Amino acid sequence: MSCIKASVMLAALPVVELILKKLLSTILLCGLLITSLTGYACELADQHCVPQRSWQIAVAVGAGVKLNPLYGGDNIPLVVLPDIAWYGESAYFDNGELGYQWIQDNPLSLETFVAVNTEKAYFSFWHPANVLFSNMELSSSFSPSQEPKRRVDFDDAAHRDWALDAGLRAHWITRSGEWRLAVLTDVTNTYNGQHLDVNYQHAWQINQWTLSTTLGLQWKSRQLLNYYYGLGDRDNVGDGFQYQAGSGWFPSIGLLARRPISERWSWIMRANYQHLPESMRNSPLVERNNVVSGFIGAAYQF
């Protein structure tokens, strides 16, 4: 009888896991529908906010390129990058992210939001992460010589779908910088996983240049990485190319520099380095072990 009970319990584990995932998704979505009872007055001098009931529209023009980390992926030139945002008293839209701010105070703020998952950007040119400035990435690799690994061009793999994430994000502002923590989950049943993002941003002034550095650490679940970078029966590849990806951590560091030219124009430079975990870089789809981003140009604020 004990063996039967153990078998029943093991069989029920996937069901329990599915229920927990659905519950998390429901909680995050319901948060978007609840009306906040507090208001917030955004000061124009505050670099962490946009004035209420106003559009922020800017465009950066310059030089850059996105080197796709996937085998067979086309490189994407970065020449014109728009930046579009609107903030109301609580609701907001910011470069493809739609959210609701619950707490807007100093030092703590809290928001729930939905956004297109950026993983699909490596598989599709027309993805918001490839055309919006706030999500700009530039991929590259600086790895030592090694034995050739198994490789599969992404065009030869099965189609990967777009996904929509819902998330909860907290900001904690200190005298020296800002901490951000976000938890996101798939709400479209695409990859049925979660990811976590924590980073610290510090800004300082050198003459007319405003510099900002960001240290980040991101975690992505096994379901997320395996959906996009795993290879199985759906991909119609040989047994020697099948791959099951696990979860992984993505440490990163970024730098943003801005210098005003006039009231509306400014010089802007941006660079970012992200290290890919073993669970992703061992995939036959992935050519490089890191993602390096960069852009230099001029931005115009409308």
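A few points about this structure:
- With each label modelled as a point 7 angstrom along the Cα→C-beta vector, the residue 175-residue 200 pair spans 1.6 nm.
- Order of 162, 102 - criterion: other Cβ atoms within 10 Å of each residue's Cβ, fewest first: 162, 102
- Contact order, relative form, for the range 46-120: 23 percent (alpha carbon pairs under 8 Å, 6 or more residues apart, mean separation divided by residue count).
- Placing R0 at 30 angstrom, the Cβ-Cβ distance between residue 211 and residue 98 gives a FRET efficiency of 0.50 after rounding to 0.05.
- Taking a ≥ b ≥ c as the square roots of the Cα gyration tensor eigenvalues, the range 248-295 comes out prolate, since a/c reaches at least 1.5 and a/b is larger than b/c.
- A simple spin-label model places pseudo-atoms 7 Å from Cα toward Cβ; at residue 74 and residue 55 they are separated by 3.0 nm.
- Three-way shape label, the range 161-282, alpha-carbon gyration tensor, a/c 1.5: prolate
- Estimated FRET transfer efficiency when R0 is 22 angstrom, pair residue 233-residue 278 (beta carbons, to 0.05): 0.40
- Cα-based shape type of the range 70-129, given that a ≥ b ≥ c are square roots of the gyration tensor eigenvalues and the cut on a/c is 1.5: prolate
- Taking 105, 156, 239 and counting other C-beta atoms within 10 Å, the order from fewest to most: 239, 105, 156
Rule-based calculations on the coordinates, nothing more; no lab input. Worth saying up front: this structure is predicted, and the values here are computed from it rather than measured. Methodologically, a virtual Cβ is constructed for each residue, glycine included, from the backbone with ideal geometry; neighbour enumeration extends over all protein chains shown.
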